[in-house]
Amino acid sequence: MNNKIDTTKIRMLICGSIKIKTLNSQVIQYLNQFMRDNVLIVLGDAPGVDALIQSYLAQHKYKRVEIFTASETKRTRFNLGNWRTIVVEGDYTSRDKVMCDRATHGLAIWNGQSKGTKRNIDHLRKQRKQIEVIRLKPKSSKPSK
């Protein structure tokens, strides 16, 4: 019997702080693995981690990405790869909840301060979804101690 997971069915929410300005090698390794495994990436449209992840995926011409935005902004802030955009009615807290519900797994890049990222981590854990948390310092690519 083959126990191999069909990675194409994984919907990976990647979230993080708007204050983080660079990605470290650990995050890049995850992104490269997700692309190799053809995982669907679920992302927001905010500056910081969302835009950094989008930039990396767009540079690599990765297609399996969904961008979520909140209707209150009247526009998508970042969609660097011209991927499918899903507009969620309401504010960014509503958008984040829908992204967590859509995801099967999560990767959070957290500075230890962002309330939105913490809320997403808690929401995914409450739903018993597998989540990896990478702690980074703001404006740094170095892991927090």
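The values are calculated or read from the model by the stated rules, or taken from the named source; none is laboratory data. What you see is a predicted model, and the numbers here were worked out from it, not measured in a lab. Reconstructed Cβ throughout: ideal geometry from the backbone, glycine too, with neighbour counts over all protein chains shown.
Where residues in region 1-42 are of a type in the set (Val, Ile, Thr) and touching a Leu at 6+ places or on another chain (Cβ under 9 Å), which of them is nearest to Thr85 (Cα to Cα)?
Val42
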Open item on the list: Quick check on this structure: which one of Gln59, Gln130 is farther than 21 Å from Lys19 by Cα and touching a His at 6+ places or on another chain (Cβ under 8 Å)?
Closed with: Gln130
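Taking only region 79-113 into account, find how many residues are touching a helix residue (DSSP H, G or I) at 6+ places or on another chain (Cβ under 9 Å) and touching a residue at least 40 places away in the same chain (Cβ under 8 Å).
Within region 79-113, residues that are touching a helix residue (DSSP H, G or I) at 6+ places or on another chain (Cβ under 9 Å) and touching a residue at least 40 places away in the same chain (Cβ under 8 Å) number 14.
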- [ ] For region 85-117, enumerate the residues that are over 19 Å from Glu66 (Cβ atoms) and crowded, with 17+ Cβ neighbours inside 10 Å.
- [x] Trp110, Asn111, Ser114
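This table checks each residue for (1) at pLDDT 95 or above; (2) touching an Asp or Glu at 6+ places or on another chain (Cβ under 7 Å).
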| residue | (1), (2) |
| --- | --- |
| Ile18 | no, no |
| Phe34 | yes, no |
| Leu43 | yes, yes |
| Leu57 | yes, no |
| Leu80 | no, no |
| Val98 | yes, no |
| Ala103 | yes, no |
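Looking at Glu66, Glu72, can you tell me which residue is of a type in the set (Asp, Glu), out of contact with any His (no Cβ under 6 Å at 6 or more places or on another chain) and at pLDDT 95 or above? So that I can check it myself, show each step before the final result.
Numbers: Glu72 fails: at pLDDT 95 or above.
Exactly one of Glu66, Glu72 is of a type in the set (Asp, Glu), out of contact with any His (no Cβ under 6 Å at 6 or more places or on another chain) and at pLDDT 95 or above, namely Glu66.
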- [ ] Within region 1-53, track down each residue that is without any contact (Cβ under 8 Å) to a residue 24 or more places away in the chain and either closer than 21 Å to Thr69 by Cα or assigned to a loop (DSSP other than H, G, I, E, B) (or both).
- [x] Met1, Asn2, Asn3, Lys4, Ile5, Asp6
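Tally time: how many residues in region 18-57 are over 20 Å from Asn120 (Cβ atoms) and either of a type in the set (Ser, Thr, Tyr) or crowded, with 17+ Cβ neighbours inside 10 Å (or both)? Lay out the reasoning, then the answer.
In the first step, residues of region 18-57 are kept if they are over 20 Å from Asn120 (Cβ atoms); the result is 22, 25, 28-29, 32-33, 35-38, 55.
Restricting the remaining residues to those that are either of a type in the set (Ser, Thr, Tyr) or crowded, with 17+ Cβ neighbours inside 10 Å (or both) gives 22, 25, 35, 55.
Residues that pass the stated criteria total 4.
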Open item on the list: Could you check region 4-26 and list, in sequence order, the residues that are among the hydrophobic types (A, V, I, L, M, F, W, C) and more than 12 Å from Leu57 (Cβ to Cβ)?
Closed with: Ile5, Ile10, Leu13, Cys15, Ile18, Ile20
Task: Which numbered condition Lys61 misses (of (1) surrounded by 14 or more Cβ atoms within 10 Å (Cβ to Cβ); (2) modelled with pLDDT of 95 or more; (3) outside any helix (DSSP H, G or I)) - done: (1)
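Select from region 8-24 the residues that are of a type in the set (Lys, Arg) and touching a strand residue (DSSP E or B) at 6+ places or on another chain (Cβ under 7 Å) and list them in ascending order. Full working, then the answer.
Kept after step one, since they are of a type in the set (Lys, Arg), are these residues of region 8-24: 9, 11, 19, 21.
The answer is Arg11, and nothing else.
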